[in-house]
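Notes follow the structure.
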Amino acid sequence: MNGLWFVFMDTLFPYIKENVKEYLQTHWDEEECQEDVSLLRKQAEEDAHLDGVVPIPMASGDAVDGLQQMIQAVVDNVYWQMSHDRKTTALKQLQGHMWKAAFTAGRMKAEFFSDVVPAVKRWREAGMKVYIYSSGSVEAQKLLFGHSTEGDILELIDGHFDTKIGHKVESESYRKIADSIGCLTNNILFLTDVTLEASAAEEADVHVAVVVRPGNAGLTDDEKTYYNLITSFSELYLPST
């Protein structure tokens with residue numbers, strides 16, 4: 001998705017930073033939250049050799065003070081991971097649970113660019129299938145598409161993939177996706193705003209269009225010349241199946 005469908009960086013990730021402490025204080029005694037904290041603590045131990053990593057202690061000493069110190073350590077660790085653009089399973093799991101709680105409570109809704117949903121509906125009416133491949137977890141993807149300003153639009157999506165199938169800058173990931181959906185790679189069009197991903201997809205013989213949206217990273221002159229660029233999904237002409 002990479003910001004093609006909604007402003008991921010401008011809404012979802014700031015929500016984590018602004019609400020992680022409150023979330024931990026509210027849900028601390030729940031099994032799911034404790035599992036998240038345990039994973040984060042284990043990740044911090046594995047990251048001990050990295051500069052600036054924040055360890056997460058076990059509870060000790062005064063119960064109240066110890067709990068608050070532990071919660072603050074988790075908060076600081078999350079901030080540290082996010083500031084370094086970490087994509088660890090532990091971090092993504094906590095983020096996913098926080099987003100789930102927020103979407104379910106109606107505190108957040110995914111906002112799509114205005115051209116997206118009409119275009120996807122046209123493609124499906126023409127007999128095409130639409131899949132999502134994102135660095136965000138499948139669970140997070142389904143939350144977004146199930147709780148959007150357009151309503152629940154999960155029915156428009158035929159399937160979801162995340163980095164469990166492989167990283168988006170590796171060509172083999174696109175071959176695995178093609179195998180999974182029973183399609184030749186040269187019958188797939190991949191939309192992205194990241195040229196490293198576009199290059200990897202092309203190596204797998206996947207067709208690519210680079211989507212230029214407000215706030216995206218700039219392209220070099222060579223990239224602008226080489227890639228098929230679009231600023232709206234409405235600019236795509238796709239033959240019906």
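Scanning region 130-146 for residues that are of a type outside the set (Ser, Thr, Tyr), out of contact with any Gly (no Cβ under 8 Å at 6 or more places or on another chain) and modelled with pLDDT of 90 or more, we see that the one that is nearest to Tyr237 (Cα to Cα) is Val130. Here Glu125 meets the list (1) acidic (Asp, Glu); (2) under 30 Å from Tyr79 (Cα atoms); (3) open to solvent by 70 Å² or more (accessible area, probe 1.4 Å) almost entirely, failing just condition (2).
Of all residue pairs spaced 6 or more apart or on separate chains, those with beta-carbon atoms under 6 Å, a first member in region 32-43 that is charged (D, E, K, R) and a second member that is not in a helix (DSSP H, G or I) are Arg41/Ile56.
Going through (1) modelled with pLDDT of 95 or more; (2) open to solvent by 70 Å² or more (accessible area, probe 1.4 Å); (3) more than 16 Å from the chain's Cα centre (by Cα) one by one, Ala201 falls short only on (2).
Restricting attention to region 133-144, the residues that are surrounded by fewer than 20 Cβ atoms within 10 Å (Cβ to Cβ) and either touching a Ser or Thr at 6+ places or on another chain (Cβ under 7 Å) or not in a loop (DSSP other than H, G, I, E, B) (or both) total 4.
From Ser180, Ser173, which residue is without any contact (Cβ under 8 Å) to a residue 60 or more places away in the chain, closer than 19 Å to Ser137 by Cα and open to solvent by 70 Å² or more (accessible area, probe 1.4 Å)? Break it down into steps so the answer makes sense when it comes.
Values: Ser173 fails: open to solvent by 70 Å² or more (accessible area, probe 1.4 Å).
Sole residue among the options that is without any contact (Cβ under 8 Å) to a residue 60 or more places away in the chain, closer than 19 Å to Ser137 by Cα and open to solvent by 70 Å² or more (accessible area, probe 1.4 Å): Ser180.
Would you check if there is a residue in region 207-227 being surrounded by fewer than 16 Cβ atoms within 10 Å (Cβ to Cβ) and under 17 Å from Glu172 (Cβ atoms)? No, region 207-227 contains no residue that is surrounded by fewer than 16 Cβ atoms within 10 Å (Cβ to Cβ) and under 17 Å from Glu172 (Cβ atoms). Picking from residues in region 157-170 that are open to solvent by 30 Å² or more (accessible area, probe 1.4 Å) and touching a Lys or Arg at 6+ places or on another chain (Cβ under 8 Å), the one that is farthest from Lys142 (Cα to Cα) is Ile165. Before we move on, is Lys176 charged (D, E, K, R) and at pLDDT below 95? Considered against the rule, which asks whether it is charged (D, E, K, R) and at pLDDT below 95, Lys176 comes out as no.
Could you please find all residues in region 41-56 being assigned to a loop (DSSP other than H, G, I, E, B) and either touching a His at 6+ places or on another chain (Cβ under 6 Å) or at negative phi (or both)?
Keep residues of region 41-56 that are assigned to a loop (DSSP other than H, G, I, E, B), which gives 47-56.
Matches in region 41-56: Asp47, Ala48, His49, Leu50, Asp51, Val53, Val54, Pro55, Ile56.
The values are calculated or read from the model by the stated rules, or taken from the named source; none is laboratory data. A quick note: this is a predicted structure, and the numbers were derived from the prediction, not measured. No Cβ is skipped: glycine too gets one built from the backbone with ideal geometry, and neighbour counts run over all protein chains shown. Keep in mind that these areas ignore ligands, DNA and RNA; they rest on the heavy atoms of the full protein, side chains included. Shrake-Rupley method; radii C 1.70, N 1.55, O 1.52, S 1.80 Å.
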